[in-house]
1. For the subset of the stretch 76-102 comprising residues that are in contact (Cβ under 8 Å) with a residue 24 or more places away in the chain and polar (S, T, N, Q), which member is farthest from residue 169 (Cα to Cα)?
2. Do you know which residues across the stretch 227-259 are surrounded by 14 or more Cβ atoms within 10 Å (Cβ to Cβ) and either in contact with a Cys (Cβ under 6 Å, 6 or more places away or on another chain) or of a type in the set (Asp, Glu) (or both)?
3. Go through the stretch 197-222 and give me each residue that's outside any helix (DSSP H, G or I) and either among the polar types (S, T, N, Q) or in contact (Cβ under 8 Å) with a residue 24 or more places away in the chain (or both).
4. Would you kindly identify the helices (runs of 4 or more DSSP H) lying entirely within the stretch 87-177 that contain at least 2 residues that are modelled with pLDDT of 90 or more, open to solvent by 40 Å² or more (accessible area, probe 1.4 Å) and within 25 Å of residue 74 (Cβ to Cβ)?
5. Does the stretch 232-250 contain at least one residue that is over 30 Å from the mean Cα position of the chain (by Cα) and in a loop (DSSP other than H, G, I, E, B)?
6. Among the residues of the stretch 178-196, what is the count of those that are of a type in the set (A, V, I, L, M, F, W, C) and outside any helix (DSSP H, G or I)?
7. What tally of residues in the stretch 276-295 results from selecting those that are open to solvent by less than 80 Å² (accessible area, probe 1.4 Å) and part of a helix (DSSP H, G or I)?
8. How about the stretch 355-391: which of its residues are farther than 30 Å from residue 343 by Cβ, open to solvent by 40 Å² or more (accessible area, probe 1.4 Å) and of a type in the set (D, E, K, R)?
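The values are calculated or read from the model by the stated rules, or taken from the named source; none is laboratory data. Note that the coordinates shown come from a computational prediction; the quantities given were computed from them, not determined experimentally. Because the Cβ atoms are built from the backbone with ideal geometry, glycine has one as well, and the counts that use them run over all protein chains shown. Only protein heavy atoms, including side chains, enter the accessible area calculation; ligands, DNA and RNA are left aside. Shrake-Rupley method; radii C 1.70, N 1.55, O 1.52, S 1.80 Å.
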Amino acid sequence: MTGSTQSQVLNWRWIRISAWITLIAFTTNTVAWADGGIRLPSSNSVFNNSPATSPGSANSLHSKLASTSGSALKLPVELGTISKRFSGTRPGTVFILQDLQVNELAQRRLAAILKYLAKQQGLKNVYLEGSEGELFTDPFWVVPSRKSRKKIADYFLREGRLSGPEYLATVETRDLRLIGIEDRVLYQKNRSAYLATRDLDPKSLPALATLDQALNELAPRMLTRETWSLVKRRQAFELDTEDFAAYLKFLVSLKEAVPARMKRYRQLTAFLQATQLEKSLDLASAAKALEQIEKDPSALVKAGDENALREIARKYHTHQVRPEDYYAFLEKILRKQLAAAEKGTLRQPPGVPLKELVLFLRYLQLYGRVNAGILDELEHLESDLAASLCR
C-alpha cells in the first residue's frame, strides 16, 4: 500500500468515526430543539450552575473581552458591518449578531465573525437561541483530523442542520462555549401556538383575503389622495415591483417630508445623495483612477502627503482604518490638488480626473454611512409621514 493510499484510508476511517459521533449526537439528544439546529449534547445543570451565569464572573454574559471597549470595535468590511452601538453602565462587552437561519452563506459569515471576535476580542462564550443549556462539541474533537471534521460539518451546514457557531466550535475553535439561553417549556408553548395558527390557514386565509379586498375598495373613499398613494406605493415596494430608491424618492417628494424632518434620517439622506451623485459618475473609470493613485501617489501629491497617503492606504487595506476615514483623507488631499489645478499652479496628471475623483470619494463616503439601520429609518419615516397625512 502506497503512502498516499494509506493516508486516504486513514482519512476515511476518521470520517466514518466523525459520522458515527454525529449520528449519535443527532439521534440521542434533543436539547438543541429549534428547527434546523443540530442536536448537540447539552446539560441544563451545567448551564444553571456554571460560572457562566454568575455576575462578575470572567465568563458571565457581560464578561469583559480583552481590554478593548465595544465602542472601539472595528469589523473588517468583508465580514460585515456594525449597525448600532450602545454604551451601558456595566462593565464588559456584549455582541449581538443578526442571524439568517438555514442559510449556508449567512452561517459561514457568522462563523467568520465569531472567529474574528475570538481572536481579536478574546470571545469565549456564545449564547444561542433555540436551545437550552451548554452544548458540548468535545465529542467531535475525539477525531484529530481537522479535514475529516470539516468534511462532515460542511455537509450538515449545507443541509441547514448545523449553525455557524456550531460549525466553528466543531471545526476551528475548541474552547468556544456554546450556551443555549431559551426556556424549553416556553419555547415549545410558543412553537405549538404558532403551529396551531398554521392549521387554521385553510379557513382564515380566504376570510382575510375577502377582508383585504373590502378594505382596498373602501380606502380610496376614506383616505386622502396622498395617503392612499402612500399605501399603494408601499404595497408595490413590498411586492418588489418598485425598488428601494424609487420608493424613497416618492416619500421624500411628499410635502410633509420637509428638510427639517429629513434631518433626523441620516442614512436615508446619505443614500439619496449617493444615488444622485451616481448619475454623474462613471464608476468604473473613477475606481480605476483611484487605484492608479494608490499604486503611484507620487504623480499627484507632494512628498509629505505621499508618505501619509501610503501609510493610511496600508492601514486601510489591513483593516486598521475605517473606509470612511480613508476616503475622507483622500478627498481632502485631492481637493487641495484640484484647487491648485484650477488656479493653474498644478498641471493635472493625465488619466486622473481630479473633479470626478473628488465626487467619487464623496460618493463612497455617503454609501459608507448606510447599513442595515437604514430599514429602521425607513420604517420611522413611513410612520412619521403617515401620522402627518392622517391629521
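1. Only one residue fits best here, namely 83.
2. 242, 256
3. Result: no residue meets the conditions.
4. Result: 104-121.
5. no
6. Matching residues across the stretch 178-196 total 3.
7. Qualifying residue count for the region: 11.
8. Listed by number, the residues that qualify are 369, 376, 379, 391.
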